[in-house]
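Please treat every number below as a calculation from the coordinates, not as lab data. What you are looking at is a predicted structure, and each value in this text was computed from that prediction instead of being measured. Heads up, the Cβs are rebuilt from the backbone with ideal geometry, glycines too, and the neighbour counts pull from every protein chain shown.
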Number of protein chains: 2
Amino acid sequence: MEKISCDVLVIGGGPAGGVSAVTAKMNYPEKEILVIREFEKQLVPCAIPYIFGETLGSSEKDVGSCGAAKEMGISTLLGQVKDIDFTGKIAFTNNEAIHFDKLIFATGSKPFVHESLRHSLVLDGVFTVAKNKELIDKAKDYIDTKTDIVVVGTGFIGVEMAMELASVGKKVTMISGSTHILKGAFDAEIAVQAENILLNAGINFIGNDRVYEIIDKNGDNIVNAVKLKSGKIVDTDVVILATGYKPNTELAQKVGLHLGDYGGIWVDEYMRTANHDIFAVGDCSSRRAFITKTASKVMLASTSSAEGRVAGSALYGIQYIKGFSGTISIFSTMVGNIAFSSAGVTEDEAIESGMDVVVGTFSGVNRHPATIPGAQKQYVKLIATRHGGQIIGGQIVGGNETGEMINIVGLMIEMGLSVYKVMSMQVATQPMLTAAPTNYPIVMAAIMAMKKIEA
Amino acid sequence: MEKISCDVLVIGGGPAGGVSAVTAKMNYPEKEILVIREFEKQLVPCAIPYIFGETLGSSEKDVGSCGAAKEMGISTLLGQVKDIDFTGKIAFTNNEAIHFDKLIFATGSKPFVHESLRHSLVLDGVFTVAKNKELIDKAKDYIDTKTDIVVVGTGFIGVEMAMELASVGKKVTMISGSTHILKGAFDAEIAVQAENILLNAGINFIGNDRVYEIIDKNGDNIVNAVKLKSGKIVDTDVVILATGYKPNTELAQKVGLHLGDYGGIWVDEYMRTANHDIFAVGDCSSRRAFITKTASKVMLASTSSAEGRVAGSALYGIQYIKGFSGTISIFSTMVGNIAFSSAGVTEDEAIESGMDVVVGTFSGVNRHPATIPGAQKQYVKLIATRHGGQIIGGQIVGGNETGEMINIVGLMIEMGLSVYKVMSMQVATQPMLTAAPTNYPIVMAAIMAMKKIEA
C-alpha cells in the first residue's frame, strides 16, 4: 500500500470540493492540498440537461475544467476513499494510505429514487440523472434512438430535461406529485407561466399524481409504460427519474460521522463536524434554510461553492466571520426563452411556516422604452415580513438578465434589507440592458409591499 | 389669468418629476398632484442615441409613457412656469396662476456647450443631444442625408451616438479631451476594450485634443469642418456636441433659489431647499458623490428616480429614512455586443481622492460550462479600501447580464459591504444565465481584493 501525505485532504472533486481546495490553497499557500476524486472527467452538474438537447449535445462539452487547481499547486488523485482512521489521520483507498491533517468531505449527492421504484432501475430505458459521465452517455445514447419519454419529477432538472428533449423532437410527458412544477421555488401563479411554456413546447404535464409502477410488459427487461397512482397508464420508451438527490454519505456512515437532517453529514456554521479537523461541504452536508431555519433539502452548486469558501478558510482557525447562516435557496432557469428565478421563501412557504407576510408585485418590461428590439415582459414578486418589512423572498420572470437580478434580491435577503431601504436604492438603468429607471421592477415591488404594510 | 389650485406642484415631466409625482400620490392619496411640463411628447432621455441608428430608428419610438400617472389621478398641464411667488405660494405661467402648497423643481438639464463654441450652434449641421423631440427630429432628418459625422465628447451619450451612427453606415470621428473614452466611469484598461470595439466598427477616435473652432468655410452657415487645438482639421458634414449637460436652473435663479455645486439647486438629503415647502430633484439639483463626498456632475435618470422617491415621500414630513447619501454613479451601456458597466469610484478616482485602495479582478465566462452557445467573456474589477476592505467601486465587462450585475455591486457599495462579507455570499447560478458557481466573478474579484489586503 502506497503511503501519501498531505495537509488537507478533500474527498470529492465537484463544485464544493474544488472550491474548498482552491480556497484552502489561497489561504494557506504553504499547505499541501490533495483532492481525491472518482472520475477523470467530471460533469458540470447543473448543465447535464443540456447534454440531451442541442444546447450542448454531448457530455464532452459538459466536462468541468479543473480551473486553476493545477497551476496553484493543488494535487489530485483518482480514486475512492474506502475507510478512514480518524485517530491516526489516515484515509485508505484500495491502494493508498493517505495521511492528512485536515479532512474535507465533499462527496456530493446521488439521485434519489423512491423505494417502490428502485427495483425498476435495472430495466433498459430507465435512467436517473446521475452526475456521472458514463451513466449519462449511456442514457443519451439510448434516448437518441427513442421517441416517447416520461420525465418523473418536475424540479429544475426535470423541467430542463423535458424542455431539452422536446427541443429535439421527443414526445415528453412530465409527471409530478404536486399540482405545479418547480414547487418550493415558485408560487402557483408563477409556476403556471412556466407550465404554459412547457405545454406550448408540446410537453404533456400530469400533476397531482405519481408513478406507482414502471412496467416491462413483455418481460424482456425493456420498459414500456408507467402506471400512475390514479390508474393512468402512460406508454413510453424511456423513463427518466428526476426525483431529486440525497446526500452521498456511504463513507461518512461507515466511519461513524454523525448525520443531521435529511441524512447529510452534521456540520456547524463553519462546516466543521464535531471533530474540528473534519469538515463537510456541499450536498453531502446537512443544511437548514436561511429564513425559516428549518432543515433544508435544497442542493445548489452555488451554495456548495459558498460553503467551500467558508470551509477552505476555516481549516486552521476561523479567519473570516461567515456571512450567512443557512441556505437562501437561490435558483434560476430558462424555460424556453423566458427566465424564471427565485430566492428565499415563497409566499406559500412563508405562510405555511406561520410567518405574517406582505407581498409586493410589479409587471414591467426589461428594456426601456418598450420599443427596444427584443424587449420582454418582466415580473417581480417580493415577499416581506409585515412587521418591519424585511425582504425574505423574491421571484422574477423575464429575460436572461433575470439570472443576475435574482442575485440582487438574494443579497437583500442575506443582508436583511427592508422594503423601506430598497425604496430609495440607486440602480444602473440603460435602454438596451434594463427596465426603466422610473419603474425599476425590484424597487417598484418593494414599494408595493410597503404600501401593503401601511394599508 | 386662469386660477388653478393643487397641493403639490411638480415642475417638469422627466424621470425625476414623474417619479416624484407618482410617489407623492402613493404616499398622500388625498392630495392633488399637478405636473406641469413643456412638451406633449417627452423623450426617454437615455434612449435618444438609439433614435439615430436602427435600434429605434425614430423619435416616435422613444416617447415616454406617462405611466400610471393618469389612472392614479395625477393631473398634468402643458406649459412653462415663468415666475413664482413663494410667499403667496403661486406659480405663474403666461396664462395660469397655480396655487400650491408644496413645490418640486424637476426642471432637468440642458446640453452643455463650451463657451467658445456656443456661437457655432447657429450653423446648419451643428447639433447638441437635447432632450427635446423637435430638436432631435431636426437633427435626425439632417443627419440622415449626410455621411461624415464628428461627435465631440466621449461620455456615454457620445459613445452610444457614435456606435448607432456607425451602424447605419456613417463615417464617424469622435473627439475627446481625455486620453480615453467614458472617463470617470472606467479605468484605462477597461476603456481601451470599448475603444477597440469602436475602432473595429470603423469609428475614428482622436483623444487628448479638443475642438477649437467649428468651421463654415464658405460662409453659407453650413458646417464643413472642425479645427482642433492640435491644429488638425477634420472635414465633416455634421458636428454633434455631446459634451455633457448642465442643470436647467433658469427659473430657479430667477426666483432666487440658492444654487450649490456645479450650478444645481442646493438641496438637503431629503431634496428640500432651505424652504422646506420647496424641493428639487433630478439633474436640476446639486449632488455630491457617495464615496468621495465631493460635488458630483454625474446625471443619471436612475439616481433622479431615486431622488424623486425620496422627495415624494418627504413632502409632509420625513416618512422614511433615506437609504443613500450621495450619487453612487451606476452606469451601464452596450458597445457593440459587449456590455460595460460601472458603479462607485474608479481606481483612478480613488487614488486621486487620496484613498488607500486595493483592487481585485477576475476574468471568466458568463455561462457555464463555457461551451454553452453564446457564452461571452466576463471581467469584474472591484475597488475596496485597504483598511477594512469596504467595496467602493466596481467595473464589469461582459454580456447583457452585466446591466443587472452592476446593480449587485451598487447595492454592495450602498450597504458598505466588505470583501470579507462578499467572499461567502450566496448567489444563483445557472448554465444558460450566469457564470459558474465555483468562479462567480464578483465573489472571485472580492477574494482577489482580500488577498491583496493581506499580502
Relative contact order of the range A:104-183, pairs being alpha-carbon contacts under 8 Å that are 6 or more residues apart, as %: 24 percent
Amide N of the range B:417-455 lying under 11 Å from the label point, which is placed 7 angstrom from the Cα of A:LYS140 along Cα→Cβ: none
Equivalent-ellipsoid semi-axes of the range A:320-374, from the Cα gyration tensor, Å, largest first: 29, 18, 13
Antiparallel DSSP beta bridges within chain A, percent to nearest 5: 55 percent
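Over all alpha-carbon pairs in the protein assembly as shown, figure out the percentage whose distance exceeds 57 Å.
Values: 64815 of 413595 pairs.
Value for the protein assembly as shown (Cα pairs over 57 Å): 16 percent.
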Gain in span if fully extended, A:GLN253 to A:ALA295, counting 0.36 nm per residue against the direct Cα distance: 13.2 nm
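Under 8 Å for C-alpha pairs, at least 6 residues apart: give me the relative contact order for the range B:113-243, rounded to a whole percent.
Relative contact order of the range B:113-243: 33 percent.
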When each of A:LYS31/B:LYS451; B:LYS131/B:LYS246; B:LYS82/B:LYS140; A:LYS421/B:LYS297; A:LYS451/B:LYS131; B:LYS89/B:LYS131 is checked by Cα-Cα distance, pairs over 23 Å: B:LYS82/B:LYS140; A:LYS421/B:LYS297; A:LYS451/B:LYS131; B:LYS89/B:LYS131
Point-to-point label distance, B:GLU71-A:ASP268, nm (Cα→Cβ direction, 7 Å offset): 5.5 nm
The range B:302-395: C-alpha gyration tensor shape, a/c 1.5 cut-off, then a/b vs b/c: oblate
Intensity falloff of chain B expressed as log10 I(q)/I(0), Debye formula with alpha-carbon point scatterers, at q = 0.08 Å⁻¹: -0.51
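Give me a single rounded figure for A:394-406: the average over its residues of other chain Cβ atoms within 10 Å of their Cβ.
Details: counts 0, 0, 1, 0, 1, 4, 11, 10, 5, 14, 20, 7, 6.
Per-residue shielding by partner chains comes out at 6.
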Dipole magnitude of the range B:240-338 about its Cα centre (Cβ charges: Lys, Arg +1; Asp, Glu -1), debye to nearest 20: 160 debye
Sequence ranges B:37-46, B:438-447, B:228-237, ranked by mean other-Cβ count within 10 angstrom, highest first: B:438-447, B:37-46, B:228-237
Distance in nm between pseudo-label sites at B:LYS89 and B:ASN200 (7 Å out along the Cβ direction from Cα): 6.0 nm
Equivalent ellipsoid semi-axes - Cα gyration tensor, the range A:113-243, angstrom: 23, 17, 14
Which of B:MET448, A:ILE149, A:GLY12, positive extreme of dipole for the protein assembly as shown (C-beta unit charges): B:MET448
Positive-end residue of A:HIS114, A:SER176, A:VAL223, charge dipole of the range A:113-243 with Cβ unit charges: A:HIS114
Ranked by how many other beta carbons lie within 10 Å on average, peptides A:211-220, B:373-382 from highest: B:373-382, A:211-220
The protein assembly as shown: antiparallel DSSP beta bridges as a percent of all, rounded to 5: 55 percent
Space enclosed by the convex hull of the alpha-carbon atoms of the range B:337-454, per residue, Å³: 87 Å³
In Å, descending, principal axis extents of the Cα set of the range A:53-120: 47, 41, 20
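Given a cut-off of under 8 Å on Cα pairs at least six residues apart, what relative contact order in percent is computed for chain B? Please list the in-between numbers first.
On the way: 1049 pairs, mean separation 61.7, N = 455.
With pairs under 8 Å counted, the relative contact order is 14 percent.
Using the Cα centre as the reference, give the magnitude of the dipole from point charges on the C-beta atoms of the protein assembly as shown (Lys, Arg: +1; Asp, Glu: -1; all else neutral), rounded to the nearest 20 debye. Provide the component values of the computation, followed by the final result.
Working: 82 positive and 96 negative charges, 152 e Å.
Here the protein assembly as shown has a charge dipole of around 720 debye.
Quantify how strongly other chains surround peptide A:302-314 by giving the mean number of their Cβ atoms within 10 Å of each of its Cβ atoms. If you can, show how the numbers build up before the last one.
Values: counts 12, 5, 2, 10, 8, 2, 3, 7, 2, 0, 0, 5, 0.
Shielding by partners across A:302-314 averages 4.
Take peptide B:407-418, look around each residue's Cβ out to 10 angstrom, count Cβ atoms belonging to other protein chains, and average those counts. Could the numbers behind the result be given before it?
Working: counts 14, 7, 3, 5, 13, 2, 1, 6, 6, 0, 4, 2.
Per residue, the number of nearby Cβ atoms from other chains is 5 on average.
Please state the charge dipole magnitude for the range A:113-243, taken about the Cα centre, from unit charges on C-beta atoms (+1 on K and R, -1 on D and E), reported in debye and rounded to the nearest 20. Can you show the working numbers first?
Details: 14 positive and 18 negative charges, 34 e Å.
Here the size comes out at about 160 debye.
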